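The structure under discussion appears below in the form of structure tokens.
The values are calculated or read from the model by the stated rules, or taken from the named source; none is laboratory data. Remember, predicted model here, so these are calculated numbers, not experimental data. Because the Cβ atoms are built from the backbone with ideal geometry, glycine has one as well, and the counts that use them run over all protein chains shown. Calculation scope for accessible area: heavy atoms of the full protein, side chains included, ligands and nucleic acids excluded. Shrake-Rupley method; radii C 1.70, N 1.55, O 1.52, S 1.80 Å.
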Amino acid sequence: MQQCMQYAVEHNHEVKRTELELDNYKASKTGAIGRFLPDVHGGIEAQYNYGRAIDPETNGYTDVNTFYNVYSLSASLPLFDGFSRLHALRAAKASVLMGRMALRQQQDLTALNVLQAYTNVAYYQGLVKMAEEKVEEAELLLRQTRILEEVGRKSAADVAQVESQQAEAHYELTRQQSLLASALLDLKKEMAFPIADTLSLSVLQDQPTPNTQHPSPIAYGQTFTKEHPELQVSHYQMQTSKHELHQARASLYPSLSLNAGMNTTYYHTLHSDAGQSFRNQFKNNMGEYVVATLSFPLFNRLQTITSIRRAKNNYQIARENYEQKQLELEKLSREAWQDWQGYLKQTEQMIKKVEADSLAYQLTRRQFEEGLSTAIDLHTTSSQMLKSKATLLQCQLMVIVKEHLIRYYNGAPIWTK
């Protein structure tokens with residue numbers, strides 16, 4: 001089961017999509033860090049003038065063909081923007097943490113889906129094994145009944161009833177084999193396993209021993225609140241919305257930025273050897289500048305107010321989602337604990353019932369061989385025994401499922417890497 005979970009976590013398409021979403025969050029965080037760095041630009045401009053144009057040397061008009069070249073280098077750095085960049089970085093960090101928890105949550109959900117599909121396969125494997133044993137037993141009983149008919153201890157009606165039971169056993173075996181094949185397909189789908197390949201499973205159907213020392217969800221308290229990945233996703237979503245609200249409010253503050261740069265030009269009249277060399281012009285035409293800009297937000301058609309209102313609502317929605325998720329997970333955790341305790345008790349009771357039904361079947365079969373009971377009585381006790389065995393197997397498997405659910409709701413890992 002653990003191997004199937006590990007394979008699914010490594011190959012499941014939902015997990016891979018969640019990993020790519022996490023990488024997008026990391027890229028957004030890198031971009032938020034980059035906003036604290038200066039923005040540097042370099043440019044080269046080449047211009048050919050034909051006909052009437054402005055002479056850069058005399059600043060007058062000329063009608064000769066010229067070549068004009070500009071080289072520029074500039075840098076800009078926002079000094080203050082109402083802490084918008086700071087809150088954007090904090091929101092990006094919270095998004096990365098949310099993405100990591102979402103990845104773990106998707107891995108756990110994938111493992112739980114595989115666990116459920118695996119237990120279905122184990123259940124139908126057990127039913128197929130029971131059906132095969134039933135077929136062998138029905139064939140043996142039919143041979144015995146025919147022999148008893150030959151010696152006059154059974155009638156033809158008894159033989160017909162046993163033949164009907166044999167046909168029913170073969171039908172049940174075929175039906176359970178079909179359900180097992182469908183369960184295997186579901187397991188392959190959850191694992192992202194190639195459908196055409198053979199998946200061999202070694203299922204151990206041991207009777208689980210009641211673990212009275214297992215911690216209850218009530219005792220987990222703070223551990224459940226802090227460590228469950230689904231709850232942490234809601235928590236970090238709330239933190240992201242909070243910083244986005246502060247970022248929207250930052251638009252109300254003035255902004256201060258600093259710009260600096262240098263540029264130079266080169267000018268040459270085509271088809272003429274007159275004029276300074278490129279080296280001299282590049283040096284002599286060099287210019288530098290420094291600009292400080294202070295901007296005040298006055299009116300932007302209510303866009304800032306709208307953004308703040310929307311961000312505030314998103315934050316409130318995230319808080320409500322977090323509180324709702326906390327209550328929901330606590331309820332599901334307690335239900336899983338109660339179900340686990342219930343299935344443990346049901347398993348103990350079903351073990352006793354299977355023993356009693358098996359004994360009743362053996363006695364009824366002996367009476368049938370001695371002519372003290374009918375084939376209908378034998379069929380009734382046999383069906384009751386098989387039903388009890390199937391219920392016992394189901395309870396044993398549900399104990400495993402509920403125990404994994406308890407670990408999941410308490411934030412503990414349910415699959416091994």
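Scanning segment 1-51 for residues that are open to solvent by 70 Å² or more (accessible area, probe 1.4 Å) and within 29 Å of Thr198 (Cβ to Cβ), which turns out farthest from the chain's Cα centre (by Cα)? Selected residue: Gln3.
Selection of first residues in segment 386-415 that are assigned to a loop (DSSP other than H, G, I, E, B) and of second residues that are open to solvent by 50 Å² or more (accessible area, probe 1.4 Å), restricted to Cβ pairs under 6 Å at least 6 apart or on distinct chains, gives the following pairs, ordered by first then second residue: Asn410/Tyr220; Gly411/Glu227; Ile414/Arg407. Taken over segment 251-274, the criterion of being touching a Leu at 6+ places or on another chain (Cβ under 9 Å) and aliphatic (A, V, I, L, M) is satisfied by Leu256, Leu258, Ala260, Met262. Just so you know, in segment 366-380 the residues that are open to solvent by 30 Å² or more (accessible area, probe 1.4 Å), assigned to a helix (DSSP H, G or I) and in contact (Cβ under 8 Å) with a residue 24 or more places away in the chain include one that is nearest to Gln161 (Cα to Cα), and it is Ile376.
Here is a yes/no grid of residues against (1) buried (at least 18 other Cβ atoms within 10 Å of the Cβ); (2) modelled with pLDDT under 95:
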{"position": "Tyr267", "(1), (2)": "yes, yes"}
{"position": "Ser272", "(1), (2)": "no, yes"}
{"position": "Gly287", "(1), (2)": "no, yes"}
{"position": "Phe299", "(1), (2)": "no, yes"}
{"position": "Lys312", "(1), (2)": "no, no"}
{"position": "Ile317", "(1), (2)": "no, no"}
{"position": "Glu323", "(1), (2)": "no, yes"}
{"position": "Ser358", "(1), (2)": "no, yes"}
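Does Val135 satisfy the criteria of being surrounded by 13 or more Cβ atoms within 10 Å (Cβ to Cβ), modelled with pLDDT of 90 or more, in a helix (DSSP H, G or I) and in contact with a helix residue (DSSP H, G or I) (Cβ under 6 Å, 6 or more places away or on another chain)? Against the criterion (surrounded by 13 or more Cβ atoms within 10 Å (Cβ to Cβ), modelled with pLDDT of 90 or more, in a helix (DSSP H, G or I) and in contact with a helix residue (DSSP H, G or I) (Cβ under 6 Å, 6 or more places away or on another chain)), Val135 qualifies. Scan segment 326-349 and tell me whether some residue there is surrounded by 14 or more Cβ atoms within 10 Å (Cβ to Cβ) and either β-branched (Val, Ile, Thr) or in contact with a strand residue (DSSP E or B) (Cβ under 6 Å, 6 or more places away or on another chain) (or both). Yes, because at least one residue in segment 326-349 is surrounded by 14 or more Cβ atoms within 10 Å (Cβ to Cβ) and either β-branched (Val, Ile, Thr) or in contact with a strand residue (DSSP E or B) (Cβ under 6 Å, 6 or more places away or on another chain) (or both). Inclusion of Tyr124 among residues that are in contact with a strand residue (DSSP E or B) (Cβ under 7 Å, 6 or more places away or on another chain) and either open to solvent by 40 Å² or more (accessible area, probe 1.4 Å) or over 30 Å from Ala292 (Cα atoms) (or both) is not warranted.
Across segment 138-162, the number of residues qualifying as open to solvent by 70 Å² or more (accessible area, probe 1.4 Å) and either within 20 Å of Leu393 (Cβ to Cβ) or in contact with a Gly (Cβ under 8 Å, 6 or more places away or on another chain) (or both) comes to 1. Annotation note: Cβ proximity below 9 Å between a residue of segment 239-256 that is farther than 13 Å from Leu89 by Cα and assigned to a strand (DSSP E or B) and a residue that is of a type in the set (A, V, I, L, M, F, W, C) and open to solvent by 60 Å² or more (accessible area, probe 1.4 Å) (sequence gap 6+ or interchain) occurs for Ser255/Leu79; Ser255/Phe80; Ser255/Leu294; Ser255/Phe296; Leu256/Leu79; Leu256/Phe80; Leu256/Ala292; Leu256/Leu294. In this structure, does Ser277 turn out to be farther than 23 Å from Tyr48 by Cβ, small (Gly, Ala, Ser) and open to solvent by 50 Å² or more (accessible area, probe 1.4 Å)? No, not satisfied.
Test Asn59 against the criterion of being of a type in the set (S, T, N, Q) and loosely packed, with under 13 Cβ neighbours inside 10 Å, and give yes or no.
Yes, satisfied.
For His228, the conditions (1) modelled with pLDDT under 90; (2) open to solvent by 50 Å² or more (accessible area, probe 1.4 Å) are fulfilled apart from (2). Contact annotation: residue pairs with Cβ atoms under 6 Å, 6 or more positions apart or on different chains, pairing a residue in segment 306-326 that is of a type in the set (Gly, Ala, Ser) with a partner that is open to solvent by less than 90 Å² (accessible area, probe 1.4 Å) and part of a helix (DSSP H, G or I), are Ser307/Ala248; Ala311/Glu244; Ala311/Leu245; Ala311/Ala248; Ala318/Gln237; Ala318/Met238; Ala318/Ser241.
Is it true that Ser255 is at pLDDT below 90 and either closer than 30 Å to Asn313 by Cα or exposed (fewer than 13 other Cβ atoms within 10 Å of the Cβ) (or both)?
Working: at pLDDT below 90: no; either closer than 30 Å to Asn313 by Cα or exposed (fewer than 13 other Cβ atoms within 10 Å of the Cβ) (or both): yes.
Criteria not met by Ser255.
The single residue among Gln165, Gln205 that is open to solvent by less than 70 Å² (accessible area, probe 1.4 Å) and either touching a His at 6+ places or on another chain (Cβ under 8 Å) or modelled with pLDDT under 85 (or both) turns out to be Gln165.
Scanning segment 382-417 for residues that are crowded, with 17+ Cβ neighbours inside 10 Å and touching a Lys or Arg at 6+ places or on another chain (Cβ under 8 Å) turns up Ser382, Leu386, Ser388, Leu392, Gly411, Ile414.
Scanning segment 343-352 turns up one or more residues that are farther than 30 Å from Gln165 by Cβ, aromatic (Phe, Trp, Tyr) and either modelled with pLDDT of 90 or more or in a helix (DSSP H, G or I) (or both).
Residues are listed down the side, and each one gets a yes or a no for (1) out of contact with any helix residue (DSSP H, G or I) (no Cβ under 8 Å at 6 or more places or on another chain); (2) of a type outside the set (Phe, Trp, Tyr); (3) part of a helix (DSSP H, G or I):
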residue: Arg17; (1), (2), (3): yes, yes, yes
residue: Leu22; (1), (2), (3): no, yes, yes
residue: Tyr25; (1), (2), (3): no, no, yes
residue: Val40; (1), (2), (3): yes, yes, no
residue: Tyr48; (1), (2), (3): yes, no, no
residue: Val70; (1), (2), (3): yes, yes, no
residue: Ala88; (1), (2), (3): no, yes, yes
residue: Ala94; (1), (2), (3): no, yes, yes
